[in-house]
Each structure stands twice: as C-alpha cells, then as structure tokens.
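Engineer: Next up is a structure, given as structure tokens.
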Amino acid sequence: MPDTRVTYLYDMGNDNDTEFRVIAAYGYSQPATTDRDSSRMRAWLGPTDQYAEAVLSPTVKYDKGHFIAHSLGGGFDMNLFLQKREINRGWSDEGKIFRSMENYAKDNVGTLVFSRPLYDNGSGHPYAIEYGVFKQDGTLWLDRFENR
C-alpha cells in the first residue's frame, strides 16, 4: 500500500494582509488511527456559530470541517477550516456528493484524495473547495463545493 500520510501545502502569508492558510492537502485514505479530539476541535476558534456569525455571516451556518476527513487519516490543526454545515454534514445536494466522495475513499483504503481550498482575499476562509478522489479504475472524481 502507498505511503498513507497526508501532506499539507500552505501559504505563510507574504504581508500583514494574508493569513497562514492551507492551499492544498492530499494523501492516501487510511482508517483513523486515533479518536477524534473533540476538545481540541472545540478550542480552535472557540464556539463555531458564535465566531462564524461575528466574522463571516450571520445567516450561513458553519462546522469545523477537515480538508481531509479524520476518518480518512486526516489530522487536526492545519487540517481544520470553517466549512458550510450543509456540505460537511451531507444535508444539501452538494453535501450528499461531498459525503459520497469521502465514503468512497473510506471504503477503498489507499485511495488518493485531495482538497484544494480557493481564496479570494487574504483570509484563511476559502470561498470554495475543490475536492478530488482518484478512483480505483484510474478515473478522477472531482467536484467544487461553494463555502460561503
């Protein structure tokens, strides 16, 4: 089986207007080796709804999502971002597709998966995510998920 570590590419910012942020994450799916660290996730940015309402939008609900799901071997810290709740939880049509992609990678251990956040300003909050899975038959399953 290929190396299963997740690799994160990041932008450290070149001035005071750009936040430290992930620009890509990729790796081979693997079962999670640790339990979810819920207290660590809760501590990042504090209460999600309170932070998102104040900083991003009073109407859109967000979760603390993962560029590469914890269930696929993704970690915490730089792997976390504010993700639209309806996508993260699979509640919308887009969310159902997103979750199907994650489930495919989970059900097919060793699948190459990647996430590419798209930014339109210097913040660490992506306006969209391109998410891709290289299927076992060699085809690329790629979609884009709006995040605002």
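A short reminder: the numbers here are calculations on the coordinates, not readings from a lab. Just so it is clear, the model here is predicted, and its values are computed rather than measured. Virtual Cβ from ideal backbone geometry, glycine too; neighbours counted across all protein chains shown.
Engineer: Net charge near ARG21: determine it from the other residues with C-beta under 13 Å of the C-beta of ARG21, scoring Lys and Arg +1 and Asp and Glu -1.
Structural biologist: Details: positive: ARG116; negative: ASP11, ASP17, GLU19, ASP77, ASP120.
My count for the surroundings of ARG21 gives -4.
Engineer: Let me ask something else. What spacing in nm lies between the two simple spin-label points modelled at ASP77 and GLN136, each 7 Å away from Cα in the Cβ direction?
Structural biologist: With each label point 7 Å from Cα toward Cβ, the separation is 3.4 nm.
Engineer: Want the number for SER57 to THR33: 0.36 nm per residue separation, take away the alpha-carbon distance, what's left? Spell out each step's value before the answer.
Structural biologist: Details: separation 24, 0.36 × 24 = 8.64 nm, distance 3.45 nm.
Result for the pair: 5.2 nm of gain on full extension.
Engineer: I want to make sure I understand the PRE zone here: with the label point 7 angstrom from the Cα of ILE23 toward its beta carbon, which residues in the range 107-126 have backbone N atoms less than 19 Å away?
Structural biologist: Answer for this model: 114-126.
Engineer: Tell me, what HN-Hα J-couplings in whole Hz come from the Karplus equation 6.51 cos²θ - 1.76 cosθ + 1.60 at θ = phi - 60° for each residue of the range 17-23, using x for Gly and Pro?
Structural biologist: These are the phi-based 3J(HN,Hα) values: 9, 10, 7, 4, 7, 6, 10 Hz.
Engineer: Counting only other residues whose beta carbon sits under 10 Å from that of GLY65, what net charge do I get with K and R as +1, D and E as -1? Please report the intermediate quantities before stating the final value.
Structural biologist: Working: positive: LYS64, LYS84, ARG85, ARG89; negative: ASP63.
Net charge in that neighbourhood comes out at +3.
Engineer: Sort the range 53-114 into rounded, prolate or oblate with this rule: let a ≥ b ≥ c be the square roots of the eigenvalues of the Cα gyration tensor; rounded if a/c is under 1.5, and if a/c is not under 1.5, prolate when a/b is larger than b/c, oblate otherwise.
Structural biologist: oblate
Engineer: Convert each backbone phi in the range 104-117 into a coupling constant with the Karplus relation 6.51 cos²θ - 1.76 cosθ + 1.60 (shift: θ = phi - 60°), then list the ³J(HN,Hα) values in order as whole Hz, x for Gly and Pro.
Structural biologist: Taking θ as phi minus 60°, the curve returns 4, 5, 5, 6, 10, 3, x, 6, 6, 10, 9, 9, 10, x Hz for the range 104-117.
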